[in-house]
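Written out below as structure tokens is the structure these notes cover.
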Amino acid sequence: EVPTTGPGTPRTRTQVNAKVQAIVARLKAGEKVINKEGGNSMTPRIASKQPVTIEAVDASKLERGDIVYVKVRGNVYTHLVTALREGEVQIGNNHGHVNGWTKLENVYGIITEIDGVPVGGAREKVKA
């Protein structure tokens, strides 16, 4: 688990970037990652700092509505796939805000559990 509160919590942009890079590296290595991301953009589906399990994703299997760990416009966060087109996905939050389009290679993982509860259909999209 990557801590998001308490001692050792990333506070500066450099520390946050290091945390994100560590999560991405672990996903690329095929590890499951439990993350507690702050913010309210995914409520009520995911509460601020609610633990989620992220696993590497087979991006060819993504669908509208999937919850992913993704980089779009220089930011990495947990958001929704709101649309798809050849080689790209559109990313948005749970309140209708669209963040923009990003390449499939920037989708690092899919949320397979929220607070230990499986997310329907997500396990079938985990990279083998």
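The values are calculated or read from the model by the stated rules, or taken from the named source; none is laboratory data. Bear in mind that the values here come from a model prediction, so they are computed numbers and not experimental data. So basically every Cβ, Gly included, is an ideal-geometry build from the backbone, and we count neighbours across all protein chains shown. Note: areas computed on protein heavy atoms with side chains; ligands, DNA, RNA excluded. Shrake-Rupley method; radii C 1.70, N 1.55, O 1.52, S 1.80 Å.
Quick notes
- In the context of the full protein assembly, K103 retains an accessible surface of approximately 110 Å², using a probe radius of 1.4 Å and ignoring ligands and nucleic acids.
- Accessible-area ranking of Y69, Y108, largest first, probe 1.4 Å: Y108, Y69
- Excluding exposed DSSP-loop GluC sites (Glu not before Pro) (at most 14 other C-beta within 10 Å), longest clean stretch of the chain: 87-128
- When only Cα pairs below 8 angstrom with a gap of at least 6 residues are kept, the chain shows a relative contact order of 23 percent.
- Between helix 13-28 and the chain: long-axis angle, C-alpha atoms, 0 to 90°, nearest 10: 50 degrees
- Helical content alone sets the calculated 222 nm signal of the chain at -4000 deg cm²/dmol, taking -39,500 (n - 2.57) per DSSP H segment of four or more residues and averaging over every residue.
- Solvent-accessible heavy-atom area per residue, rounded to whole Å², over the chain at 1.4 Å: 55 Å²
- By the rule of a C-alpha distance below 21 Å, with chain neighbours fewer than 8 residues away ignored, the lysines paired with K125 are K28, K32, K61, K71, K103.
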